[in-house]
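Structure record follows, encoded as structure tokens.
The values are calculated or read from the model by the stated rules, or taken from the named source; none is laboratory data. As the structure is a computational prediction, the values presented were derived from the model and not from experiment. Please note: Cβ atoms are built from the backbone with ideal geometry, for glycine as well, and neighbour counts cover all protein chains shown. Heavy atoms of the whole protein, side chains included, go into the accessibility calculation; ligands, DNA and RNA do not. Shrake-Rupley method; radii C 1.70, N 1.55, O 1.52, S 1.80 Å.
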Amino acid sequence: MTALVQFRDLTLGYERHPAVHHLSGAVKAGDLLAVVGPNGAGKSTLFKGMLGLIKPLSGSVEFSGLRRADIAYLPQAADINADFPINLYDMVAVGLWRSTGLLGGIGRKHRATIEHAIEAVGLTGFEERAIGTLSAGQMQRALFARLLLQDARVIVLDEPFNAVDTRTINDLVALVQRWHGEQRTIIAALHDLDLVRTTFPDALLLARELVAWGKTGDVLTAENLLKARHMCEAFDEDAAACRVDAA
Amino acid sequence: MQRDALMFYNFFLAPFGDVATRAALIAVVSLSLGAGPVGVFLMLRRMSLMGDTMAHAILPGVAVGFLVGGADVFAMTFGGLIAGIIVAVLAGIVARVTPLKEDASLAAFFLISLALGLVLLSARGGDAEIVHVLFGDVLGLDARKLMLIAAISTVSIFILALIWRPLVLECVDPQFLRSVSGAGGPVHLVFLALVVLNLVAGFQALGTLLAVGLMTLPAVAARFWARDISAICVLAILIGIFSGYMGLLISVHSGASASPSIILVTGAIYVGSVLFGRVGGVLRRLFQGKHLEA
């Protein structure tokens, strides 16, 4: 398996304070990788850095044979303006952006694909509903339908199962497994360790520094989890410049 | 029966036999076509007041155009366009590089701009010019001005169609737009340019102050009648056109000034929509009837 995404001594952060510190490692094609760590561990920051939404303070992220458009990203608490007068169908349909672009029309074939995606997440019958009337779980299902349409090789999910009931989680996890079966690469930030153990073959434990990265069973040990919890989350206003950089 | 028909004709149609009134109607219809949808997007981005701000901001440009080219519409329009874009871009830059938010920096720049515009106008022209620029002269439109207004509304509709998808997405889910396309930033700027263009078109007919009315009021009124962005845009256009027609009628029959009459009709439609609107109107909320079974 070849490395699809390579982190090289990557440091990401805000106003010079690192949120992800000297991370190195590789995501391989076809990985189903869980990113685990306490709040403030740098999971979201890592994803933003990977997607180029923030610039590294040092180090780099390298992609091999991957364009930006090949990565689909579902941010945590997606910043969606639910008051906007648009219905679920149109909201899901923009997932086809890669094939329709700015101006391309949505033809009969596209319509079938959209209906299929809405059906796959169990929202058939809700097409005309304004997005503001959807529950949190329905919205998350809709966003997964949009991901389905994006048909991306790499899918990045930032805490996708927050504030969602068990049945919805089961349905959405089934979709994730289907993507895995289709040889797509999936990276997901999660807090439910049982779910990680049962579903994700690989895990990355992050607590600003990398704690462990490998087979889930080797990573999520009691010792590692304790280490992650103790790693300081403090944001030291007067922190000195990092010496590792100077070395 | 024939008498009724004649009365109907005299009241509703005969006023538009007059060339100036007909030109005014054409102007208001064209304005509504462009400004209506632009106002809807302003509203949905919570930028309704920005239309007002920009209307003031274009004044120094109009004044410079007036000083250089006399009463030539194209000089004044071009000046207004440049001034509006300068203010929008400067405000955007200050918002990006300092902690000041865009609304605050826009407020600062428009005040400077407005003061500058008034100083320039009063230095050269008399009060009559200032009043003319501020309140417009919808019954004094010549063919050149009409062409300009029509051209601007044509361009607006065309550009809106072109940027529709990213513009909607930028309002609904900006993060998603950023993840699939780099169109977000440019689209925002193009949209601001459309706001300025439509205001510039509007001030020819209605004046800088009332131009905002035809952009903002139909949009906020339409919001009370539809749940879908396309429907809201179409409604906003229709409300604008209807207000223009009714406002001109009232003005002709009562002798009231035309531009404010038009905006007052729009205002009345807005108040009616707030009260009786199907989507979230006040009465609808008060008397919603018994709850449903499921």
Does A:Ala189 fit the bill of being farther than 26 Å from B:Val180 by Cα, of a type in the set (Gly, Ala, Ser) and at pLDDT 90 or above? no
Scan segment B:207-222 and tell me whether some residue there is surrounded by fewer than 23 Cβ atoms within 10 Å (Cβ to Cβ) and farther than 21 Å from B:Leu31 by Cα. no
Here is a check on your reading of the model: is B:Phe191 under 30 Å from B:Ala115 (Cβ atoms) and either in a helix (DSSP H, G or I) or within 14 Å of chain A (Cβ to nearest Cβ) (or both)? yes
Looking only at segment B:37-59, decide whether some residue is farther than 30 Å from B:Phe224 by Cβ and open to solvent by less than 10 Å² (accessible area, probe 1.4 Å). yes
How about segment B:78-101: which of its residues are in a helix (DSSP H, G or I), at pLDDT 80 or above and surrounded by fewer than 24 Cβ atoms within 10 Å (Cβ to Cβ)? B:Phe78, B:Leu81, B:Ile82, B:Ile85, B:Ile86, B:Val89, B:Leu90, B:Ile93, B:Val94
Of the candidates A:Gly13, A:Gly25, the one satisfying the condition of being free of Cβ contacts under 8 Å to residues at least 60 places away in the same chain, open to solvent by less than 60 Å² (accessible area, probe 1.4 Å), out of contact with any Pro (no Cβ under 8 Å at 6 or more places or on another chain) and not in a loop (DSSP other than H, G, I, E, B) is A:Gly13
Among the residues of segment A:140-166, write down those that are closer than 20 Å to A:Asp79 by Cβ, touching a residue at least 60 places away in the same chain (Cβ under 8 Å) and either assigned to a strand (DSSP E or B) or open to solvent by 10 Å² or more (accessible area, probe 1.4 Å) (or both). A:Gln150, A:Ile155, A:Val156, A:Leu157, A:Asp158, A:Glu159, A:Asn162
Of the residues A:Thr124, A:Thr113, A:Thr133, which single one is hydroxyl-bearing (Ser, Thr, Tyr) and within 12 Å of chain B (Cβ to nearest Cβ)? A:Thr133
Cross-chain or 6+ apart pairs with Cβ under 8 Å, segment B:4-27 first and open to solvent by less than 80 Å² (accessible area, probe 1.4 Å), then of a type in the set (Phe, Trp, Tyr) and part of a helix (DSSP H, G or I): B:Leu25/B:Phe16; B:Leu25/B:Tyr245
Using the structure shown, decide if A:Ser44 is over 15 Å from the mean Cα position of the chain (by Cα) and in contact (Cβ under 8 Å) with a residue 60 or more places away in the chain. no
Among the residues of segment A:50-93, count how many are at the interface with chain B (Cβ under 7 Å from one of its Cβ atoms), of a type outside the set (A, V, I, L, M), surrounded by 15 or more Cβ atoms within 10 Å (Cβ to Cβ) and part of a loop (DSSP other than H, G, I, E, B). 4
Among the candidates B:Ile163, B:Ile159, which residue alone is closer than 15 Å to B:Gly36 by Cα and either in a helix (DSSP H, G or I) or under 15 Å from the mean Cα position of the chain (by Cα) (or both)? B:Ile159
Here are B:Val279, B:Val271, B:Val234: which of them is modelled with pLDDT of 95 or more, surrounded by fewer than 23 Cβ atoms within 10 Å (Cβ to Cβ) and either away from every other protein chain (no Cβ under 14 Å) or touching a Phe, Trp or Tyr at 6+ places or on another chain (Cβ under 6 Å) (or both)? B:Val271
Hey, does segment B:127-142 have a residue that's within 14 Å of chain A (Cβ to nearest Cβ) and either assigned to a helix (DSSP H, G or I) or at pLDDT 90 or above (or both)? no
Of the numbered conditions (1) more than 14 Å from chain A (Cβ to nearest Cβ); (2) over 21 Å from the mean Cα position of the chain (by Cα), B:Val200 fails exactly one; give the number of that condition. (2)
Checking B:Ala226 against (1) part of a helix (DSSP H, G or I); (2) among the small types (Gly, Ala, Ser); (3) surrounded by 18 or more Cβ atoms within 10 Å (Cβ to Cβ), the condition it does not meet: (1)
Out of A:Leu53, A:Leu57, which single residue is touching a Gly at 6+ places or on another chain (Cβ under 9 Å) and aliphatic (A, V, I, L, M)? A:Leu57
Tally, over segment A:94-106, of residues that are facing chain B (nearest Cβ under 8 Å), under 21 Å from A:Val121 (Cα atoms) and either more than 25 Å from the chain's Cα centre (by Cα) or among the charged types (D, E, K, R) (or both): 1
Write out, first by first residue and then by second, each pair whose Cβ atoms fall under 7 Å of each other, whose residues are 6+ apart or on separate chains, and whose first residue, in segment B:149-170, is facing chain A (nearest Cβ under 9 Å) and touching a residue at least 60 places away in the same chain (Cβ under 8 Å) while the second is part of a helix (DSSP H, G or I) and buried (at least 21 other Cβ atoms within 10 Å of the Cβ). B:Val168/B:Ile229
Among the residues of segment B:236-262 satisfying the criterion of being of a type in the set (A, V, I, L, M, F, W, C) and over 16 Å from B:Ile26 (Cα atoms), which is nearest to the chain's Cα centre (by Cα)? B:Ala236
